[in-house]
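What follows is a short report on a single structure.
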Amino acid sequence: MRSQTADPKNGSTVTDFILVGFEQSSPSTRALLFTLFLALYSLAMAMNGLIIFITWTDPRLNSPMYFFLGHLSFLDVCFITTTIPQMLVHLVTKNHTVSFVSCMTQMYLVFLVGVAECILLAFMAYDRYVAICHPLNYTQIMSQKVCVRLVCSSWIFGMVNGIFLEYISFRNPFCKDNHIENFFCEAPIVIALSCGDLKFTMKLIFVDAIVVLLSPMVLIITSYARILASILRRASSSSHRKTFSTCASHLTVVIFLYTSAMFSYMNPRSTHGPDKDKSFSLLYTIIMPMCNPVIYSFRNKEMKGAMGRALGRGSLA
């Protein structure tokens, strides 16, 4: 199915896009990918759903850290739901067409949730810094009101930034090929299909990525650097190992998420390719939401205990 494309002279516009995704793969490969991604999606939904349930219902997990963890898992659920179900459908059907409005909506949701998660990760790093470096003032600094404001600000910033990115992505008409070399509507690929001054648009994307990605990353690195400096001054080797382990796991999430996002939104398009784009897209759309519960929660004794109690209640019921 070939959609109508735009002609700069008469002003007609694209009516839909075609997501190439894994279209070139053989039927057996697509069946294997469908099984794999369905399993990963189900696992990510189950793990994040469990964390949301226990952090919002278990009274023993009422600290700011678990409040943020619950919202991180909620963002992960939203993020994978915006892209993966559509990819699964396209793996088993021949029609890979998405409407112009659907593409815009998906891009906005990816912008919103992705930016909100980047901001939230920075707030979580700051929370750990206050808890470890200023334990006596922790409850006063990270009060419930402050935590709610921080979470709300991450969502609001994601919404506002999403509107800005959506505007600069679709401000030009589309007059080129309507095939998107990915399994979802990723902004840099969609923008490359539009007419007008693409260099200016990509510069705006680049500047926005500096604000959204590098600024939180500076806060995260600064927070963990001060945490490590603080624990190195302590004598207990066991606390060294425990805190180093926690910091290393949290930094692993940050490195993978920010590296994949920077490749997609801060790299020149000449260095991209369909295989690279899909690999990095898979990393931050399904691998990271699946790994976050393992890295942030399942290695935590209090979380393990809460999960045991929740599963125990479920088995009794």
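The values are calculated or read from the model by the stated rules, or taken from the named source; none is laboratory data. Bear in mind the structure is a predicted one, so any value in this text is a computation, not a measurement. Every residue, glycine among them, receives a Cβ derived from its backbone with ideal geometry; neighbour counts consider all protein chains shown. Only protein heavy atoms, including side chains, enter the accessible area calculation; ligands, DNA and RNA are left aside. Shrake-Rupley method; radii C 1.70, N 1.55, O 1.52, S 1.80 Å.
Applying 0.36 nm per residue to the separation of Val89 and Val207 and subtracting their alpha-carbon distance, the gain on full extension is 39.0 nm. For the chain, build the charge dipole from Cβ charges (+1 Lys, Arg; -1 Asp, Glu) around the Cα centre, then report which of Tyr126, Leu213, Leu165 sits farthest towards its positive end. So the residue furthest toward the plus end is Tyr126. Each Lys and Arg Cβ is given +1 and each Asp and Glu Cβ -1; about its Cα centre, the chain then shows a dipole of about 1100 debye. Under a 5 Å amide H cut-off, with hydrogens placed 1.01 Å from N, Asp16 pairs with Gln4, Phe100 among residues at least 5 apart or on other chains. Could you list, in their original order, any pairs among Lys145/Lys301; Lys176/Lys199; Lys145/Lys304 whose Cα atoms are separated by more than 22 Å? Beyond 22 Å: Lys145/Lys301; Lys145/Lys304.
Cysteines in the chain that lack a partner Cβ within the 4.7 Å cut-off: Cys78, Cys118, Cys133, Cys147, Cys152, Cys247, Cys291.
Under 5 Å between amide hydrogens, built in the peptide plane, is the criterion, and for Phe184 it picks out nothing among residues at least 5 positions away or on other chains.
Ignoring ligands, DNA and RNA, please state the percent of accessible area on the chain from carbon and sulfur, probe 1.4 Å. Its accessible area is 67 percent carbon and sulfur atoms. When the charge dipole of segment 16-298 is built from unit charges on Cβ atoms (+1 for Lys and Arg, -1 for Asp and Glu) and taken about the Cα centre, the candidate among Phe174, Met290, Pro135 whose Cα reaches farthest toward its positive end is Pro135.
Ordered by 1.4 Å accessible area with all protein chains kept, Arg226, Arg30 run largest first as Arg226, Arg30. Summing Cβ point charges (Lys, Arg +1; Asp, Glu -1) relative to the Cα centre of segment 110-240 gives a dipole of roughly 660 debye. Per residue, the chain exposes 48 Å² of solvent-accessible protein surface, assessed with a 1.4 angstrom probe and all protein chains in place. Ligands, DNA and RNA aside, Cys133 has an accessible area near 40 Å² when probed at 1.4 Å. Legend: helices of the chain (whole DSSP H runs) are marked when their alpha-carbon atoms reach 27 angstrom or more along the helix axis and their mean Kyte-Doolittle hydropathy is at least 0.5; marked are 27-57, 64-92, 100-133, 144-170.
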